[in-house]
Amino acid sequence: MKTLDKEMTFNVHICGHVEKQIDLTYSDFNEGKLGKHIDVPSVVPNCSGTAVSVISFLDFVQPMQDCTHVIFKANDEFQATIPFAELKDALLIFKQDGALLEKGFPLRLFIPDGWSECLNIKSVTTIEFVQNTYGESKSTFGFKNLIQLSEL
Ligand SMILES: Nc1nc2c(c(=O)[nH]1)N[C@H]1C(S)=C(S)[C@@H](COP(=O)(O)O)O[C@H]1N2
Ligand SMILES: [Mo]
């Protein structure tokens, strides 16, 4: 796919308990709207890419008061449910070598020093803000196994 065509398919849906329920485009990330650019190797040697911090992303989308966890959902149905406390150093990588991601397009969550590598969700297409009702405090991840009635 040509770069511009691929860029047109960049879409990250923001939903749930959050003020700004919107679809974010590549330029939203690239033009600084979601916070300043962080050169990933300057934070984590041996890792590459350009990111915005989850903290600055949260500043922009404004989760509601009652919200406790963020669900990062990928286009292959892999997902992670993560409490805010685990996201304080997290990054959203949107660019590598000055171009769209080859692996993990459109967006990759990266948690430096996270308790599991598996939390580094590739190909994030939806970020949902939720109030956790199970009293769970630690993050969980895996392939989505709950089938909603509406999806049958
Ligand atoms: N979308 C998606 N993201 C994912 C996964 C996956 O299956 N799908 N696997 C996770 C797991 S279990 C690991 S260990 C890392 C592997 O990252 P890598 O492919 O860059 O080595 O990606 C994580 N992110
Ligand atoms: Mo993993």
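Observations, loosely collected:
- If you go through the range 1-25 and keep only what is among the charged types (D, E, K, R) and either exposed (fewer than 12 other Cβ atoms within 10 Å of the Cβ) or more than 22 Å from M64 (Cα to Cα) (or both), you end up with K2, D5, K6, E7, K20.
- In the range 109-139, residue nearest to ligand 1 (Cβ to nearest atom) [restricted to those that are more than 12 Å from L87 (Cβ to Cβ) and of a type in the set (S, T, Y)]: S123
- Qualifying positions in the range 26-55 - buried (at least 17 other Cβ atoms within 10 Å of the Cβ) and of a type in the set (S, T, Y): Y26, T50, S53
- Output for the range 94-116, where each listed residue is open to solvent by 30 Å² or more (accessible area, probe 1.4 Å), more than 16 Å from ligand 2 (Cβ to nearest atom) and either charged (D, E, K, R) or under 16 Å from I55 (Cα atoms) (or both): K95, D97, E102
- The range 61-80, residues that are within 20 Å of H17 (Cα to Cα) and within 16 Å of ligand 2 (Cβ to nearest atom): F72, A74, Q79, A80
- Residue that is farthest from the chain's Cα centre (by Cα), among those in the range 122-133 that are closer than 19 Å to T68 by Cα and either open to solvent by 20 Å² or more (accessible area, probe 1.4 Å) or of a type in the set (A, V, I, L, M) (or both): T133
- Residue pairs meeting the criteria (Cβ under 7 Å; at least 6 apart or on separate chains; first hydroxyl-bearing (S, T, Y) and outside any loop (DSSP other than H, G, I, E, B), in the range 107-129; second more than 11 Å from ligand 2 (Cβ to nearest atom) and open to solvent by less than 20 Å² (accessible area, probe 1.4 Å)): T125/V12; T125/A74; T125/P106
- Tally of residues being touching a Leu at 6+ places or on another chain (Cβ under 9 Å) and under 17 Å from C15 (Cβ atoms) across the range 25-73: 9
The values are calculated or read from the model by the stated rules, or taken from the named source; none is laboratory data. Bear in mind the structure is a predicted one, so any value in this text is a computation, not a measurement. For neighbour counting, all protein chains shown are included, and Cβ atoms are generated from backbone atoms with ideal geometry for every residue, glycine included. Just so you know, the surface numbers come from the protein's heavy atoms only, side chains and all, with ligands and any DNA or RNA stripped out. Shrake-Rupley method; radii C 1.70, N 1.55, O 1.52, S 1.80 Å.
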